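For reference, the structure discussed in these notes is given below.
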Amino acid sequence: MAAKNKRMKPGVMPPPGEPVYPIGVAARMLGVHPRTLRIYESEGLIRPRYKGGRRLFSQNDIQWTSCLRSMIHDDGISIPGIKKLLALVPCWEITDCPPEVHKTCEAKVDLRNSSLRGSKSEDELDVETSKEPYLTN
């Protein structure tokens, strides 16, 4: 019996939380160098999934990273500043997302009940893009 092919049909979008984009593709989608995504990961702002040693990003990851870039470049917020703000307020309050946007956004991040010092386990952090936290410091 042949192995079942898990590839998506052409023109069919994967579910928003499904990690399918390698770092090079994700970087092109965002208009950044792959090193930028590695920096955001090392800072704990994004958490791509790994499969076979390769970073894979979901559409939610792409959307969240786009919001991060907006905070950094449009609003002038530093990476340490974003980390501190996310511990106090959800992402939609930092970026002034209208309620009609953030209520349906699948990439929103709310870390108010977590600690940047790592006193809570990763399972206790509330990140709505996945069950994995972005900030773990």
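Brief remarks on what is shown
- For the stretch 44-56, filtered to residues that are over 8 Å from the mean Cα position of the chain (by Cα) and within 17 Å of residue 32 (Cα to Cα), the residue that is surrounded by the fewest Cβ atoms within 10 Å (Cβ to Cβ) is 56.
- Residues of the stretch 109-137 satisfying the condition of being surrounded by 15 or more Cβ atoms within 10 Å (Cβ to Cβ), modelled with pLDDT of 65 or more and of a type outside the set (A, V, I, L, M, F, W, C): 110
- Boolean, residue 106 is of a type in the set (Asp, Glu), modelled with pLDDT under 90, surrounded by fewer than 17 Cβ atoms within 10 Å (Cβ to Cβ) and in contact with a Gly (Cβ under 8 Å, 6 or more places away or on another chain): yes
- Residue in the stretch 49-57 that is under 27 Å from residue 24 (Cβ atoms), in contact with a Leu (Cβ under 6 Å, 6 or more places away or on another chain), touching a residue at least 24 places away in the same chain (Cβ under 8 Å) and not in a helix (DSSP H, G or I) present: yes
- Enumeration of residues in the stretch 20-34 that are under 14 Å from residue 65 (Cα atoms) and assigned to a loop (DSSP other than H, G, I, E, B): 31, 32, 33
- Some residue of the stretch 86-96 being of a type in the set (S, T, N, Q) and farther than 12 Å from residue 108 by Cα: no
- Contact map, the stretch 64-91: first residue farther than 17 Å from residue 30 by Cα, second residue aromatic (Phe, Trp, Tyr), Cβ cut-off under 9 Å, separation 6 or more or different chains; pairs are 79/40; 86/134; 91/64.
- Scanning the stretch 30-78 for residues that are of a type in the set (A, V, I, L, M, F, W, C) and over 15 Å from residue 109 (Cα atoms) gives 30, 32, 37, 39, 56, 57, 72, 77.
- Subset tally (residues that are surrounded by 12 or more Cβ atoms within 10 Å (Cβ to Cβ), at pLDDT 85 or above and of a type in the set (Ser, Thr, Tyr)) for the stretch 76-103: 0
- Residue match in the stretch 24-46 (condition: modelled with pLDDT under 90 and closer than 22 Å to residue 112 by Cα): yes
- Residue count for the stretch 64-75, restricted to those that are surrounded by fewer than 16 Cβ atoms within 10 Å (Cβ to Cβ) and either assigned to a helix (DSSP H, G or I) or within 9 Å of the chain's Cα centre (by Cα) (or both): 5
The values are calculated or read from the model by the stated rules, or taken from the named source; none is laboratory data. This structure is a prediction, so every number in the text was calculated from the model and none was measured. Positions of Cβ are generated from backbone atoms using ideal geometry, with glycine treated the same way; all protein chains shown enter the neighbour counts.
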